[in-house]
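Peer 1: Let me begin by handing over the structure; questions about it come next.
The values are calculated or read from the model by the stated rules, or taken from the named source; none is laboratory data. Worth saying up front: this structure is predicted, and the values here are computed from it rather than measured. Cβ: placed from backbone, ideal geometry, glycine included. Neighbour counts: every protein chain shown.
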Amino acid sequence: MKRIALITSGGDAPGMNACVRSITKYCLNKGIVPVGYYDGYQGIMENRFIELGFRDVDNIVHYGGTILGTARSEEFRTNEGRLRAIENLKKNEIDALVCIGGDGTFTGANVLSSEMQIPVIGIPGTIDNDIFGTDHTIGYDTALNTVTDAVDKIRDTAGSHHRIFFVEVMGRNAGFIALNSAIASGAESVLIPEELTDIEAVARDLKEQSKGRRSSIVIVAEGDDGGGAREIMKKVTPLMQDYTLRYSILGHIQRGGSPSAFDRILATRMGAFAVEELLKGASNVMVGVRGNDLLTLPIDAAVKIEAVPDLTRLRMLHNLRTLG
Ligand code: F6P
């Protein structure tokens, strides 16, 4: 293997740079040229790339975002787009492709690998943690810490004003960030897409938990069936006339910032492991982590099977409510 291409694709996630750095340095140490394409699949279709050297990845382990850039490419979904990408990979004598990203990236990688001879390996990089087959995706830990920090701050002002806050967090259609940030921030309630939301029950529970308290926090996953934080607050308002309600949408701050030590280590390990696996002949697999161990599993499984957060944690939260 002489030339390994890599992309970061989909929503950026803190730790992607640590992964790019790891792949680059590992390849160079093995005498392989790492070829970084810009802006995900879009860059492959447009043949925009850089042959990465040690200097290109100096001092990036602690940066959020991705030095390669990223995109959600519509064109790559078309046969013509993918044909162009395959032609460019061949023209550049690419022997393997590493795709760092989330479920959309893996869907692309899966289709691409069925249409060409070059081995493809996926590395899960998304703040959402919604990839089957891995305990953690790169960026999730950092996002969780960012959300926890933001909710702590909201708690201060909520308490000063005797308010109930509905805080909306990201996660597309998955409740990983919501559920675990609710535990970390001591939220009174959490609404996630994996559980149907009953507005009357939410209001009842909040009234019960708010007795004699200065503040209550409800974490709302952006993909909740009851709507986002603003909609949930609107629906609850008629049932809670005597309370002061506010909502806050944390938005894209959740995607930025310096990666946590956990994400830097995970990203570095996954990057090096992906190259090692390619050298051993792996193809059309993704890298995952279970406990402390790295592993590979078919990308196909990651694409087809839905990742669900540990719902026993939701039941635990129910038993941690403040009553009376
Ligand atoms: O996939 C990561 C994610 O941040 C989701 O949590 C969110 O729904 C989405 O991306 C936002 O996408 P965009 O970058 O298009 O705003």
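Peer 1: Has region 173-191 got any residue that is among the hydroxyl-bearing types (Ser, Thr, Tyr), touching a residue at least 12 places away in the same chain (Cβ under 8 Å) and assigned to a helix (DSSP H, G or I)?
Peer 2: Looking through region 173-191, at least one residue is among the hydroxyl-bearing types (Ser, Thr, Tyr), touching a residue at least 12 places away in the same chain (Cβ under 8 Å) and assigned to a helix (DSSP H, G or I).
Peer 1: Does Phe106 count as touching a residue at least 12 places away in the same chain (Cβ under 8 Å) and not in a loop (DSSP other than H, G, I, E, B)?
Peer 2: Yes, satisfied.
Peer 1: What do you reckon, is Asp135 more than 15 Å from the ligand (Cβ to nearest atom), at pLDDT 95 or above and in the same structural domain as Arg21 (by TED's automatic domain parsing)?
Peer 2: Criteria met by Asp135.
Peer 1: Scan region 33-84 for residues that are in a helix (DSSP H, G or I), of a type in the set (S, T, N, Q) and within 16 Å of the ligand (Cβ to nearest atom) and jot them down.
Peer 2: Gln42
Peer 1: For region 146-179, which residues satisfy the criterion of being within 16 Å of the ligand (Cβ to nearest atom) and touching an Asp or Glu at 6+ places or on another chain (Cβ under 9 Å)?
Peer 2: Within region 146-179, Glu168, Val169, Met170, Gly171, Arg172, Asn173, Ala174, Gly175, Phe176, Ile177, Ala178, Leu179 qualify.
Peer 1: Got a sec? Which strands (runs of 3 or more DSSP E) wholly within region 205-290 have at least 3 residues that are touching a residue at least 24 places away in the same chain (Cβ under 8 Å) and assigned by TED's automatic domain parsing to the domain that holds Thr134?
Peer 2: Counting at least 3 such residues, we get 285-290.
Peer 1: Residue under question is Cys27, and the condition is that it be outside any helix (DSSP H, G or I), assigned by TED's automatic domain parsing to the domain that holds Asn284 and touching a residue at least 40 places away in the same chain (Cβ under 8 Å); does it hold?
Peer 2: Criteria not met by Cys27.
Peer 1: If you don't mind, there's one more thing I want to ask. I'm trying to understand the selection: among the residues of region 216-255, which are among the charged types (D, E, K, R) and within 16 Å of the ligand (Cβ to nearest atom)?
Peer 2: Once the filter is applied, which keeps residues that are among the charged types (D, E, K, R) and within 16 Å of the ligand (Cβ to nearest atom), region 216-255 yields Glu222, Asp224, Asp225, Arg230, Glu231, Arg255.
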